[in-house]
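Have a look at the structure below, then the notes.
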Amino acid sequence: MPSLQESKLAFIGGGNMASAIIGGLVNKGVSKQNICVSEPWDVNREKLAAVGVRTTTDNTEAGGDADIVIIAVKPQVTRGVCEELGASWSNRKSLPVVVSIAAGITLSSLQEWSRTGDGRFAHVVRVMPNTPALVSEGASGAFAGEDVTASEKDLVNALLSSVSKATEWVDREELLDVVTGLSGSGPAYFFAMVEHLVTSGMSQGLSKEQATRLASQTCLGAGKMLVESTEEPSQLRKNVTSPNGTTYAALQTFEAEGFEGIVDKAVKAAIARAAELGTTLAK
Ligand SMILES: NC(=O)C1=CN([C@@H]2O[C@H](COP(=O)(O)OP(=O)(O)OC[C@H]3O[C@@H](n4cnc5c(N)ncnc54)[C@H](OP(=O)(O)O)[C@@H]3O)[C@@H](O)[C@H]2O)C=CC1
Ligand SMILES: O=C(O)[C@@H]1CCC=N1
């Protein structure tokens, strides 16, 4: 198995998540010449070409001689893309490792759909990255099929680690839907929180720019403390909360309005949607 630096990488779909991973890989010094992206929309293709990677509109051209093929299209499009690729691999002696980032789509569907014309199955790894991959601060979950070799797993791990600070391999496929609800969708929860902080700050007289800078840096600073400190998140929260002080007043409001329950409900809704995508699109 070639190393990540030597591997030819094909991205099928060059939208938000693929662009984030590609940006992170390029920032880490992965050769742009080794990355080919297949993307139908010319605006996205032009953005990716500006990064310096190769682009095409032909999925089979991108996936034709790649060592790793990253399926980065919407779950609803994944079947067609896999079938197209599988059919095109009948003449390949060794098959690429298929890495799917599609939310919910199961390993068995991915294997079946990408079966070659002559009946061979590619080795498939399901991955759930997140968009902070763009700034090399991603968090990813991964689940490999039993047929995936240790060196193939190492290669996927190297790919994920180059754009993620946390890469968690799970030992049950269902846990990948939990990763989706927590960290795959997670950046949006924090962006929503910042949006609401900014709205609130503005309603009390701060300018949009001031409120955005303060809220964003607070989010970054708290995040940095979470990953660098040896203290539990609950202790870090307590450290900010003076007895009967301002934070206490705010947290009391969170509690009274059921903040914990809202977060739990939201994560479970994302998990349920991932599972639903997996089952409905398998048919
Ligand atoms: N966004 C995120 O934060 C995360 C997304 N994911 C997963 O990543 C996948 C992609 O999501 P995201 O990047 O947000 O979606 P996007 O819509 O931004 O990207 C998908 C891209 O694939 C293109 N596309 C559509 N049909 C084909 C085709 N047949 N062949 C090749 N490319 C095609 C789309 O073009 P066009 O727009 O013209 O249709 C689009 O540019 C999803 O499965 C999602 O579950 C996983 C983790 C996080
Ligand atoms: O919203 C979605 O379905 C995708 C998967 C995780 C993040 N974005």
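Any read-out appearing in this document is the output of simple, stated calculations on the displayed coordinates, not a laboratory observation. Since the model is a prediction, treat every value here as computed from it, not as a measurement. Neighbour counts are summed over all protein chains in view; Cβ atoms, including those assigned to glycine, are modelled from backbone coordinates with ideal geometry.
Aspartates and glutamates near Lys265 by alpha-carbon distance under 13 Å, same-chain residues fewer than 8 away left out - which ones? Within the straight-line limit of under 13 Å, Lys265 reaches no aspartates and glutamates at all.
Residue separation of Ala256 and Ser94 scaled by 0.36 nm, minus their Cα-Cα distance, works out to 52.4 nm of gained length. Given the pairs Lys208/Lys268; Lys47/Lys74; Lys224/Lys268; Lys28/Lys153; Lys28/Lys165, which span a C-alpha to C-alpha distance of over 22 angstrom in this model? The pairs that break the limit, which is 22 Å between Cα atoms, are Lys208/Lys268; Lys224/Lys268.
Packing, as the average of other Cβ atoms within 10 Å across residues, places the peptides 272-282, 9-19, 93-103 in the order 9-19, 93-103, 272-282, highest first. The DSSP beta bridges internal to the chain are antiparallel in roughly 15% of cases. Working value for the chain: equivalent-ellipsoid semi-axes of 39, 21, 17 Å, each the square root of 5 times a Cα gyration tensor eigenvalue, largest first.
Between the helical axis of 16-27 and the longest alpha-carbon principal axis of the chain there is an angle of about 90 degrees.
Extension gain for the segment Thr241 to Ala50, taken as residue separation times 0.36 nm less the Cα-Cα distance, is 64.0 nm to one decimal.
Reported to the nearest whole Å, the Cα centre-to-centre distance from the range 230-247 to the range 171-194 is 25. In this simple spin-label model, placing a label point 7 Å from the Cα along the Cα-to-Cβ direction at both Leu214 and Ser234 gives a separation of 3.0 nm. Principal-axis analysis of the Cα atoms of the chain puts helix 208-228 at an angle of about 70° to the longest axis. Its Cα gyration tensor gives the range 155-237 an equivalent ellipsoid. The semi-axes, each the square root of 5 times an eigenvalue, are 31, 15, 13 Å from largest down.
Ranked by the mean number of other Cβ atoms within 10 Å per residue, highest first, peptides 186-193, 161-168 order as 161-168, 186-193. When peptides 72-84, 44-56 are ranked by their average number of other Cβ atoms within 10 Å per residue, the highest-first order is 72-84, 44-56. Largest mean-square fluctuation among Ser114, Ser90, Ser234, in a Gaussian network model of the chain whose springs join Cα atoms under 10 Å apart, belongs to Ser234. Check each of the GluC sites (Glu not before Pro) in the range 203-234 and keep only those in coil by DSSP with at most 14 other C-beta atoms within 10 angstrom; list them in order. Hits after loop and neighbour filter: Glu231.
Put simply, the amide H of Val125, placed in the peptide plane, has neighbours under 5 Å in Val98, Val99, Ser100, leaving out anything fewer than 5 places away on its chain.
Please give me the summed charge of the neighbours of Val37: other residues whose Cβ is under 9 Å from its Cβ, Lys and Arg +1, Asp and Glu -1. Don't jump to the answer; show the numbers that get you there.
Numbers: positive: Arg45, Arg54; negative: Glu39.
Counting the neighbours of Val37, the net charge comes to +1.
Between 0 and 90 degrees, the angle of helix 42-51 with respect to the longest Cα principal axis of the chain falls at about 80 degrees. If the segment from Asp58 to Glu146 were pulled out straight at 0.36 nm per residue, it would be longer than the present Cα-Cα gap by 28.6 nm. Positive-end ranking of Ala188, Ser234, Leu206 along the dipole of the range 186-276, with charges on Cβ about the Cα centre, is headed by Leu206.
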